[in-house]
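The values are calculated or read from the model by the stated rules, or taken from the named source; none is laboratory data. Because the structure is predicted, anything quoted here is derived from the model rather than measured. Note: areas computed on protein heavy atoms with side chains; ligands, DNA, RNA excluded. Shrake-Rupley method; radii C 1.70, N 1.55, O 1.52, S 1.80 Å.
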Amino acid sequence: MQFWVLQLKFIIFIYLKKLKFITIIILSLFYINVGIAHFTNPEFFNVIMPPYIPYHNLFVYLSGFCEVLFGLMIIFKKTRYFGGIGLLFLLIAVFPANIYLYQSAEAQEILNISKSGAFIRLFFQAPLIILAYWHAKEETSHKFDIISSVIFFPTIIYFLTLSS
């Protein structure tokens, strides 16, 4: 019986490693795409910039550059740690824009998002931060791997519905 339990644990371990790499690729493409959008449609991001932050264009372009850079970095094993940690800090740094979107009726109207939609969007920042940490770390506990795998699916589905 113990042999079969070990076999099952090994299969789950291999499955989670493959799934983790697939999530890395998908989120890498997501970040690169969103980062490019900072350059092709900066007005969208300027709308959610809080008024207390100066130089809106500079920070929109800088955050876009960082999204592309860190999105590329998580693809490669040698730079994955720095890319994942960079994304983690970037997600924290841009969180005030999501708060401002929730607070600003004008920004909600311009972006055609409801207050409740902006509120829900706030909570999806946490799974992205968790996933950035998961991607940064080469080894994590099996429980953390499972939790991260599970939160990946609703998170990516949510963000895919935003673009459609």
For residue 47, solvent-accessible area (1.4 Å; no DNA, RNA or ligand), Å²: 40 Å²
Histogram of C-alpha separations across the stretch 65-136, 5 Å bin width, %: 4, 18, 22, 18, 14, 13, 8, 3, 1
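Counting heavy atoms of the protein chains only and a 1.4 Å probe, report the per residue accessible area for the chain as a whole number of Å².
Each residue of the chain exposes 61 Å² on average to a 1.4 Å probe.
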Contact order normalised by residue count of the chain, Cα under 8 Å, 6+ apart, percent: 22 percent
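Go through 31, 158, 102 and list them by solvent-accessible area, largest first, probe radius 1.4 Å.
102, 158, 31
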Accessible area of the stretch 50-164 belonging to carbon and sulfur atoms, whole % at 1.4 Å probe: 72 percent
Scattering profile of the chain at q = 0.08, 0.10, 0.15 Å⁻¹ [log10 I(q)/I(0), Debye over alpha-carbon scatterers]: -0.27, -0.41, -0.83
Taking only Cα atoms of the stretch 45-102, radius of gyration then Dmax in Å: 12.6, 38
Partners for residue 77 among lysines (Cα-Cα distance below 21 Å; same-chain residues under 8 apart left out): 17, 18, 20, 137
